[in-house]
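Just below is one structure, and these are the notes that go with it.
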Amino acid sequence: MYTTYIFGLNDTLYNATEQKSRARFAAVESMIENGLPVDIETAYTTLEEVVREVGEDAPNHFNLLLKRLGVRDDPRIIAAGVVAYRDVSRAALRPFPGVPSTLISLREKGKRLVALSAGDAVKEWQKLIQLGLQHFFHAVWVSDKNPITADTINSALSGLTVTPADSLFVSGVPSEVEAAGRAGLKTVLFSPRRVNPPKDTRGDKPVIRRFQEILQL
């Protein structure tokens with residue numbers, strides 16, 4: 001039915017929420033082990049606040065964390081956080097079950113696959129490469145404006161000469177699904193955490209629990 005499948009990246013091809021949470025927890029745990037004089041709950045909660053305020057792509061989260069906690073910059077503490085974050089982040093960066101096999105099946109059927117994301121282009125490509133998925137996609141579109149909006153998607157559709165009527169947008173982020181709908185795309189919400197995923201309030205956007213269910217749409 002569809003000739004083009006457009007996929008979000010974060011919380012769609014892999015569990016970005018869990019990966020970031022685990023990496024940040026490991027980071028503050030290591031920082032405490034290396035001299036940060038606060039309890040882990042305070043450190044983790046404060047780090048989450050910092051990330052929300054300055055954005056995920058800001059380069060100095062741990063420096064800002066120390067400043068927010070009233071602790072002077074300490075290179076050992078900062079380095080401990082950086083090393084732990086990178087180690088756990090890389091270990092937790094794995095595709096959701098069924099992602100590689102589903103992408104292979106779609107390619108074998110002659111479908112065009114597009115990955116769509118927002119943020120720093122190099123970092124988004126790093127994720128795809130670390131996931132081992134970069135070769136599955138015919139095109140990758142990274143917007144420098146985060147979050148993804150209908151305008152973002154319209155720009156991608158125009159730049160990639162994608163016809164909305166022949167395309168399906170898949171994402172695990174509800175706001176991205178809504179944006180794609182406003183851009184005129186058929187959409188599906190990937191929600192692996194729900195046992196019995198419901199349809200949305202209008203009943204015209206399917207919700208799937210297993211990634212490979214895309215092949216049945």
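The values are calculated or read from the model by the stated rules, or taken from the named source; none is laboratory data. Nothing here was measured: the structure is a model prediction, and the numbers come from that model. Cβ: placed from backbone, ideal geometry, glycine included. Neighbour counts: every protein chain shown.
A few comments on the model shown:
- Test: residue in region 75-98 that is in contact with a helix residue (DSSP H, G or I) (Cβ under 8 Å, 6 or more places away or on another chain), buried (at least 17 other Cβ atoms within 10 Å of the Cβ) and farther than 30 Å from Phe25 by Cα: no
- Condition met for Ser105 (under 21 Å from the mean Cα position of the chain (by Cα) and either exposed (fewer than 13 other Cβ atoms within 10 Å of the Cβ) or assigned to a helix (DSSP H, G or I) (or both)): no
- Only one of Thr12, Thr42, Thr3 that is of a type in the set (S, T, N, Q), modelled with pLDDT of 95 or more and buried (at least 22 other Cβ atoms within 10 Å of the Cβ): Thr12
- Each residue in region 107-152 was checked for being without any contact (Cβ under 8 Å) to a residue 40 or more places away in the chain and aliphatic (A, V, I, L, M), and 8 pass.
- Of the candidates Ser21, Ser30, the single residue that is part of a helix (DSSP H, G or I) and surrounded by fewer than 16 Cβ atoms within 10 Å (Cβ to Cβ) is Ser21.
- Yes/no for Ser117 being within 14 Å of the chain's Cα centre (by Cα), among the hydroxyl-bearing types (Ser, Thr, Tyr) and closer than 26 Å to Arg209 by Cβ: yes
- Test: Val88 is outside the structural domain of Val51 (by TED's automatic domain parsing) and at pLDDT 95 or above: no
- Residue within region 197-208 that is surrounded by 13 or more Cβ atoms within 10 Å (Cβ to Cβ) and of a type in the set (A, V, I, L, M) present: yes
- Any hit, region 163-170, residues being of a type in the set (Asp, Glu) and in a helix (DSSP H, G or I): yes
- From the options Glu213, Glu176, residue that is among the acidic types (Asp, Glu), surrounded by 19 or more Cβ atoms within 10 Å (Cβ to Cβ) and modelled with pLDDT of 95 or more: Glu176
- If the condition is being over 28 Å from Gly181 (Cβ atoms), touching a residue at least 24 places away in the same chain (Cβ under 8 Å) and either charged (D, E, K, R) or in the same structural domain as Ala165 (by TED's automatic domain parsing) (or both), then region 1-41 contributes Arg22, Arg24, Glu29, Glu33.
Listed here are the residues, each with its yes/no results for (1) hydrophobic (A, V, I, L, M, F, W, C); (2) under 25 Å from Val177 (Cα atoms); (3) modelled with pLDDT under 95.
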residue: Asp57; (1), (2), (3): no, yes, yes
residue: Leu64; (1), (2), (3): yes, no, no
residue: Arg72; (1), (2), (3): no, no, no
residue: Ala84; (1), (2), (3): yes, no, no
residue: Leu106; (1), (2), (3): yes, yes, no
residue: Gly110; (1), (2), (3): no, yes, no
residue: Val114; (1), (2), (3): yes, yes, no
residue: Gly119; (1), (2), (3): no, yes, yes
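- Condition met for Lys127 (of a type in the set (D, E, K, R) and surrounded by 14 or more Cβ atoms within 10 Å (Cβ to Cβ)): yes
Residues are listed down the side, and each one gets a yes or a no for (1) in contact with a His (Cβ under 7 Å, 6 or more places away or on another chain); (2) part of a loop (DSSP other than H, G, I, E, B):
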{"site": "Asp87", "(1), (2)": "no, no"}
{"site": "Pro97", "(1), (2)": "no, yes"}
{"site": "Gly110", "(1), (2)": "no, yes"}
{"site": "Leu113", "(1), (2)": "yes, no"}
{"site": "Glu124", "(1), (2)": "no, no"}
{"site": "His135", "(1), (2)": "no, no"}
{"site": "Asn146", "(1), (2)": "no, yes"}
{"site": "Thr161", "(1), (2)": "no, yes"}
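- Criterion (under 19 Å from Ala115 (Cβ atoms), at pLDDT below 95 and of a type in the set (Ser, Thr, Tyr)) met by exactly one of Thr187, Thr152: Thr152
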